[in-house]
1. Show me, for region 216-223, the HN-Hα J-couplings you get by feeding each phi into the Karplus relation (A = 6.51, B = -1.76, C = 1.60, θ = phi - 60°), rounded to Hz, glycine and proline as x.
2. How large are Rg and Dmax for the chain when calculated on the C-alpha trace, in angstrom?
3. Using θ = phi - 60° and the Karplus relation 6.51 cos²θ - 1.76 cosθ + 1.60, list the HN-Hα couplings for region 369-379 in order, rounded to whole Hz, with x at every Gly or Pro.
4. At 222 nm, what helix-only mean residue ellipticity would the chain give, in deg cm²/dmol to the nearest 500, using -39500 (n - 2.57) for each DSSP H run of four or more?
5. Would you grab the residues whose amide H sits under 5 Å from the one on Asn198? Only those 5+ places off in sequence or on another chain, please, with H modelled 1.01 Å from N.
6. If you plug each phi of region 141-153 into the Karplus form 6.51 cos²θ - 1.76 cosθ + 1.60 with θ = phi - 60°, what whole-Hz ³J(HN,Hα) values come out, in order, with x for Gly and Pro?
7. Viscosity 0.890 mPa s, temperature 25 °C: give me the Stokes-Einstein translational D for region 1-87 in µm²/s, with Rh taken as the Kirkwood radius over C-alpha pairs.
8. Quote the charge dipole size of region 3-132 about the Cα centre in Debye, to the nearest 20; the model charges only the Cβ of Lys and Arg (+1) and of Asp and Glu (-1).
Amino acid sequence: MPRLLFADDRGTVYDHPTLLAAARSGDAVLRPAERPLPLPEGATLCLLPGRRPVGVDPETGAKVVLQDVKLGRRRVVPHAVGATLPPGYTRTLLPAAARPPLATLDEAPTLPQWAYTAAGLGEDGPVVWALHTDRRSHWDPSRHSTPDLPAKVERLVSTGNPIYRQLARCALEWRCFTAQNTFYGRDEGAIPSSAACNAACVGCLSEQDEGMPPSSHERIARPPTAAEMADVAVRHLERATGRVMVSFGQGCEGEPLLRWKEIEKAIRLIRARTRRGTLHANTNGSLPEALARLVAAGLESVRISLNSASPDLYAAYYRPTGYGLEDVVRGVRAAKAGGAYVALNLLTFPGVTDRGGEAERLCQLVADTGVDQVQTRPLAIDPDVYMAIARDRGAPGEALGIPALVRALKRARPGLVVGNFSRARSERGARRRPASPARRRRTEAR
């Protein structure tokens, strides 16, 4: 069994000489039964300030909260340690950490919005409790944030399109891979499209309530015009390499469906200039009629976010204005009816999303709507904040485990893709026959 990790105030990480690593699922602290993975390339061990590490006594199996520890000549108050994962991985357990009951916010602040994952020290180094759910290599962190990126950013910012100014911040300050792709000219490019939202998600990355950690991103100040969005999209679609697509709406901005009329115009402008690549949108799916209009205009792929198929738990996290989960389900059906490839962006949280009742409702939703893909996206939030929302909401039941949830989803809809990334047109469905040389020349000419 992996050993317990802890950190001192300086952020130096140590392994405990006797205690084994514990993990958390919902409110339960347990000794992990599943096998962990070696710390993936691109993953990072992280300190959970003010939280005490919880380990397992190997002789008695008792859970032990580590209150202090002697390091050489000094005695320190330890902090719990977790990990953050690179793209393509889904956590299966949370760090076992105890917040002192009388601690102030200064002593144990609300944690920044990262997807904290259970970690320990194995025989060959650090390990994490996670699944490798999407093995496509084009999202490899080593291909991003390269030394030549600032120069690429400057070249496109100099064109004067305000979208590039926003994407420059996303790429350089917040290291968004999708934004960076826009400057690298490859794979999925980003088109920020909305400054407003009809939800107030507790875990929003771009707008937070007072008392919560600062937002990790900032939304675009002025929503772009259809022409501005079309210019960015056409440039990317015509020149990019790899799995070429552009996506309206990102997780760090407002809701794109609130600007569906402008996006509809942009789609028509784009397709009047190029047929290359895939047009995609990331949305909460709250306006089914608007989504249907976008699909009719040429939107080919859509990713719709939700944390639960239970109306009360959905509402408690998303805090929607003017819509509910039933509208989101209608949005899924509308996109499917129009012929779009539909993915659910499932915000997963061990011990909640995998409860027996929650898993059953999710599987029923997947089967009833016929979605093509489920993207298992670890919810980036302080675990205690989310449990305050989810503890008495949603469907009940013992936690099955995230691996069992993934298997159940695949059984619910044969052929369902479970992963972490959106699929370009060339990656979906049956493989097409190679084009004839004459047809290939015509395609390249477009």
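Laboratory data are not the source of any read-out in this text; all were calculated from the coordinates shown. Everything numeric in this text was worked out from a predicted model, so none of it was measured. So basically every Cβ, Gly included, is an ideal-geometry build from the backbone, and we count neighbours across all protein chains shown.
1. 7, 9, 10, 6, 4, 6, 10, x
2. Values for the chain (Cα only, Rg and Dmax): 22.7, 77 Å.
3. 8, x, 4, 8, 8, 10, 9, 7, 10, x, 6
4. When only DSSP H runs of four or more count, the value is -8500 deg cm²/dmol.
5. Excluding prolines and chain starts, which carry no amide H, the hits are Glu255.
6. Coupling constants for region 141-153: x, 5, 8, 10, 6, 7, x, 7, 4, x, 5, 5, 4 Hz.
7. Working: Rh = 13.7 Å.
Value of D from the Cα-based Kirkwood radius: 180 µm²/s.
8. In total the dipole reaches around 220 debye.
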